[in-house]
Amino acid sequence: AVMFVFVFVPVTWANRMLYELEDVVLPSIRRTKPERYVWILGQNRSCTTSIHKALHTHPRAVAAINFDIIFSSITLIFLGKQLYSVLGKPIDSLIRSIYETPNHSQRLDDEQEDHLFMLHHATSEILCYFFGILCTSTDDTLDLVTNINDQHVEYLERSCQRVLWFHNARDRVYVGKPLLMTYHFDTLLSRFPDSQIVLCVRKPQSTIPSQIDLAQKMVKLDYGDADFQRFLNKPFLDHCERMYKGMLDLVASEKHYDRVHVVSFNSWKSDEAKVLKSLSS
């Protein structure tokens with residue numbers, strides 16, 4: 001928690017302030033758009049990370065890496081890359097010692113969920129996302145994490161624009177994975193009207209136990225720990241319920257039916273190449 005309070009939080013606020021200056025000095029940033037946005041949505045542990053990484057390998061695709069997320073202003077990207085070229089290995093080792101889970105490498109040059117772009121409002125919001133079990137009110141935890149509004153999505157857009165601008169990828173397809181937007185898909189699609197969605201689905205009976213196992217490894221607590229059980233009994237299950245309701249609403253939406261491409265966990269596991277070819281086209 002100390003790392004996120006004294007490192008991550010000040011950097012996100014520095015990003016926000018530098019955005020305002022950069023938009024004046026480099027107005028072309030605000031006009032930067034990709035050929036198309038592709039958003040990967042769905043419940044955690046439904047192969048969202050694997051699909052994100054696979055789509056990123058397409059020659060026309062671009063995705064944010066951890067570095068772009070933490071240092072998302074142009075100024076900090078430039079300064080941060082200079083620092084990382086010297087201290088990259090010890091920085092990666094420090095991050096892995098705090099937060100390392102299967103299939104989720106925490107190297108700064110690896111892809112990561114860009115819903116982190118949106119967690120910028122206050123220290124409590126970021127802490128509740130990563131350390132929800134340490135909060136005194138589980139209801140407050142869930143509300144802080146899931147209360148997505150227009151400011152969050154604007155921050156997401158401005159961050160993506162900088163990734164595209166810095167990497168000179170304006171004519172490519174941006175692939176993002178803001179999973180929390182699964183139950184705010186109307187807000188996401190309204191902000192990005194030409195975007196497409198890849199919706200990853202998996203049976204709750206398999207997804208939820210897998211996510212519990214991941215959460216346990218993230219917070220490094222035993223399953224029987226009272227704090228971990230309190231986290232599971234309220235915010236976690238409420239989050240899962242909201243997530244699956246959002247997925248059902250999205251699939252049933254006549255307004256967006258032609259923009260949603262559903263990928264089942266089983267189909268991805270049985271023939272990744274076939275699914276990837278279908279999505280790439």
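Going through THR32, THR12 one at a time, which residue ends up being over 22 Å from CYS200 (Cα atoms), at pLDDT below 85 and of a type in the set (Ser, Thr, Tyr)?
Within the list THR32, THR12, the selection yields THR12.
Identify all residues within the stretch 257-281 that are in a helix (DSSP H, G or I) and acidic (Asp, Glu); write none if there are none.
ASP258, GLU272
Is it the case that some residue within the stretch 232-248 is aromatic (Phe, Trp, Tyr), modelled with pLDDT under 80, part of a helix (DSSP H, G or I) and at negative phi?
So far as the stretch 232-248 goes, yes, one or more of its residues are aromatic (Phe, Trp, Tyr), modelled with pLDDT under 80, part of a helix (DSSP H, G or I) and at negative phi.
Which residues, counting only those in the stretch 144-166, are modelled with pLDDT of 85 or more and open to solvent by 10 Å² or more (accessible area, probe 1.4 Å)? Quick ask: steps written out before the conclusion?
Let us first name the residues in the stretch 144-166 that are modelled with pLDDT of 85 or more, namely 157-158, 160-166.
Answer for the stretch 144-166, where residues must be modelled with pLDDT of 85 or more and open to solvent by 10 Å² or more (accessible area, probe 1.4 Å): GLU157, ARG158, TRP165, PHE166.
Give the residue, chosen from ASP194, ASP222, that is in contact (Cβ under 8 Å) with a residue 24 or more places away in the chain, part of a loop (DSSP other than H, G, I, E, B) and at negative phi.
ASP194
What's the total number of residues in the stretch 254-276 that are open to solvent by less than 70 Å² (accessible area, probe 1.4 Å) and in contact with a helix residue (DSSP H, G or I) (Cβ under 8 Å, 6 or more places away or on another chain)? Walk me through how you get there before you give the answer.
Within the stretch 254-276, the first condition is being open to solvent by less than 70 Å² (accessible area, probe 1.4 Å), and the residues that meet it are 256, 259-260, 263-265, 267-268, 271, 275-276.
Within this subset, residues satisfying the condition of being in contact with a helix residue (DSSP H, G or I) (Cβ under 8 Å, 6 or more places away or on another chain) are 256, 259-260, 263, 265, 267-268, 275-276.
Within the stretch 254-276, residues that are open to solvent by less than 70 Å² (accessible area, probe 1.4 Å) and in contact with a helix residue (DSSP H, G or I) (Cβ under 8 Å, 6 or more places away or on another chain) number 9.
Mind checking which residues of the stretch 254-281 are free of Cβ contacts under 8 Å to residues at least 60 places away in the same chain and of a type in the set (Gly, Ala, Ser)?
Correct list: SER267, SER270, ALA273, SER278, SER281.
Give the stretch 6-65 a look and list any residue that's among the polar types (S, T, N, Q) and surrounded by 15 or more Cβ atoms within 10 Å (Cβ to Cβ), or say none. Quick ask: steps written out before the conclusion?
First, the residues of the stretch 6-65 that are among the polar types (S, T, N, Q): 12, 15, 28, 32, 43-44, 46, 48-50, 57.
Passing the criteria: THR12, ASN15, THR32, GLN43, ASN44, SER46, THR48, THR49, SER50.
The values are calculated or read from the model by the stated rules, or taken from the named source; none is laboratory data. Keep in mind the model is a prediction, meaning the values are calculated, not measured. Here the Cβ is made from the backbone with ideal geometry for all residues, glycine too, and neighbour counts use every protein chain on show. The protein model used for the area step is the full one, side chains on, heavy atoms only, and it has no ligands, DNA or RNA in it. Shrake-Rupley method; radii C 1.70, N 1.55, O 1.52, S 1.80 Å.
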